[in-house]
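Let me begin by presenting the structure, written as structure tokens, before commenting on it.
The values are calculated or read from the model by the stated rules, or taken from the named source; none is laboratory data. These numbers come from a predicted model, not from an experiment. Note: ideal-geometry Cβ built from the backbone for every residue, glycine included; neighbour counts use all protein chains shown.
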Amino acid sequence: MDQLQYIDESELVLLVKNGNEEALAELIRRHQRLVARVVVGMLGNTPEADDVGQETFIRFWSAVQNYRHEAKVSTFLTRIAINLSINELRKRNKRFEWESSLEDAESRKMSIAYPNESQRIDENEHISKALAAIEPDHRAVVILRLVQGYSTNETAQMLGIPIGTVLSRLSRALEKLRIVIKKLEEV
Amino acid sequence: MNREIDLLIIKSFENDLLLNEQELLQKMLAEDHLMAERYETLLQIYSTLKNYQPDFKALFSERVRSRLSLQRRLKISQQQLYMLMLRISMSVAAAVFVLLIYVLWQENSITVDGLLGLAGLKSDDFTNLLANY
């Protein structure tokens, strides 16, 4: 395991391809923060985010035989993570629509946007809350472009949308974030 | 208007401004203190988001591996179940076939001649067949 820390990523992927689980563990160690930024950013600090994070690496493990090093491992994982997060949000929306027929929709919306308001929050939680307040489509752009640091072009390719849409979503998201962050600072 | 200014600012963060856009932005920032404030706020949001470092709870890698092993066991169990069902269904089909043959045999509705296609055939038929040939 210790030796794995020092090996090159392409060799590590080769070991993972050969079914070496220790190599997978090392790959997870190297990339789990990157995946966490995507899934926790998209889904908030929830058990579903942990599930989607695990599923991201399991999908990688299942698809690694087809991995041809055309994209970096980090990009490959980010693509899986963002797609799984978007799917999870769709499922959550369906659940929400069903539940909101039973409960008061407005109070639910508030609890999603600002969970555990009484608790003291650290900076990451602060950002997670701000991100939760913006539209999921806009959030995906913010996560890829601003948190992960991909270029506008790469973000557009990953999400399958035009560059102009990325920029306009980014602009709207920033406007909303500005307001939400200001509100959170006042709390 | 705000959106256009934001787009200009965003493009400036990406170092993607044309020379005239850059000059326009600089001029606007120098002349309009509200816009300068907006620029600072967006810059702050950019830097805050860059420092966003959430992580999963401890033992994340172990959780992935145990889920992987669970999935593998589940797959093996499914394969074993499939093979078992296949064996059972083949055994049942064979048993039904044997039973059917036995019942027909008992009722004399099945004979060796019948199975070979010789039922009702006489020795004359065979002679005629050879003669015609």
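Yes/no per residue for (1) in a helix (DSSP H, G or I); (2) facing another protein chain (nearest Cβ under 10 Å); (3) over 26 Å from A:SER74 (Cα atoms):
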| residue | (1), (2), (3) |
| --- | --- |
| A:LEU144 | yes, no, no |
| A:THR155 | yes, no, no |
| A:MET158 | yes, no, no |
| A:GLY164 | yes, yes, no |
| A:LEU167 | yes, yes, no |
| A:ALA173 | yes, yes, no |
| A:LYS183 | yes, no, yes |
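Being closer than 19 Å to A:LEU131 by Cα, surrounded by 11 or more Cβ atoms within 10 Å (Cβ to Cβ) and of a type in the set (S, T, N, Q) is the requirement here; does A:SER74 meet it?
On the way: closer than 19 Å to A:LEU131 by Cα: no; surrounded by 11 or more Cβ atoms within 10 Å (Cβ to Cβ): yes; of a type in the set (S, T, N, Q): yes.
Criteria not met by A:SER74.
Quick test for you: out of B:MET35, B:MET28, pick the one residue that is within 14 Å of chain A (Cβ to nearest Cβ) and part of a helix (DSSP H, G or I).
Values: B:MET28 fails: within 14 Å of chain A (Cβ to nearest Cβ).
Only one candidate qualifies: B:MET35.
Which of the residues that make up segment A:153-187 are polar (S, T, N, Q) and farther than 17 Å from A:ALA71 by Cα?
Going residue by residue through segment A:153-187, those that are polar (S, T, N, Q) are A:153, A:155, A:157, A:165, A:168, A:171.
A:THR165, A:SER168, A:SER171, listed by residue number.
Just one of the numbered conditions (1) surrounded by fewer than 20 Cβ atoms within 10 Å (Cβ to Cβ); (2) in contact (Cβ under 8 Å) with a residue 40 or more places away in the chain; (3) part of a helix (DSSP H, G or I) is not true of A:SER85; which one?
Looking at each condition in turn, A:SER85 falls short on (1).
So, A:LEU4, is that one surrounded by 19 or more Cβ atoms within 10 Å (Cβ to Cβ), at pLDDT below 95 and more than 18 Å from B:SER66 (Cβ to Cβ) or not? Spell out how you get there, then give the answer.
Numbers: surrounded by 19 or more Cβ atoms within 10 Å (Cβ to Cβ): no; at pLDDT below 95: yes; more than 18 Å from B:SER66 (Cβ to Cβ): yes.
Considered against the rule, which asks whether it is surrounded by 19 or more Cβ atoms within 10 Å (Cβ to Cβ), at pLDDT below 95 and more than 18 Å from B:SER66 (Cβ to Cβ), A:LEU4 comes out as no.
Among what's in segment A:8-25 and is within 12 Å of chain B (Cβ to nearest Cβ) and part of a helix (DSSP H, G or I), pick the residue that is modelled with the lowest pLDDT.
Looking at the filtered set, the residue picked out is A:GLU21.
Determine if segment A:64-84 includes at least one residue that is within 12 Å of chain B (Cβ to nearest Cβ), over 24 Å from B:SER69 (Cα atoms) and either more than 15 Å from the chain's Cα centre (by Cα) or among the β-branched types (Val, Ile, Thr) (or both).
No: zero hits.
What are the residues in segment B:33-47 that are among the basic types (Lys, Arg) and surrounded by fewer than 16 Cβ atoms within 10 Å (Cβ to Cβ), if any?
If we filter segment B:33-47 for residues that are among the basic types (Lys, Arg), which is where we start, we get B:38.
If the condition is that a residue be among the basic types (Lys, Arg) and surrounded by fewer than 16 Cβ atoms within 10 Å (Cβ to Cβ), then no residue fits.
Would you check which residues across segment B:7-32 are surrounded by 13 or more Cβ atoms within 10 Å (Cβ to Cβ) and modelled with pLDDT of 85 or more and list them?
Scanning segment B:7-32 gives B:GLU21, B:GLN22, B:LEU24, B:LEU25, B:MET28, B:LEU29, B:ASP32.
Checking B:SER109 against (1) out of contact with any Leu (no Cβ under 9 Å at 6 or more places or on another chain); (2) in a loop (DSSP other than H, G, I, E, B); (3) surrounded by 10 or more Cβ atoms within 10 Å (Cβ to Cβ), which single condition isn't satisfied?
If we test B:SER109 against (1) out of contact with any Leu (no Cβ under 9 Å at 6 or more places or on another chain); (2) in a loop (DSSP other than H, G, I, E, B); (3) surrounded by 10 or more Cβ atoms within 10 Å (Cβ to Cβ), just (3) comes out false.
Can B:LYS50 be described as surrounded by fewer than 11 Cβ atoms within 10 Å (Cβ to Cβ), at negative phi and among the basic types (Lys, Arg)? If you could, list the steps in order and put the result at the bottom.
Numbers: surrounded by fewer than 11 Cβ atoms within 10 Å (Cβ to Cβ): no; at negative phi: yes; among the basic types (Lys, Arg): yes.
So B:LYS50 does not fit the description; no.
Taking segment A:17-46, which residues are over 16 Å from A:VAL73 (Cβ atoms) and in contact (Cβ under 8 Å) with a residue 24 or more places away in the chain?
A:VAL39, A:VAL40, A:GLY41, A:MET42, A:LEU43, A:GLY44, A:ASN45
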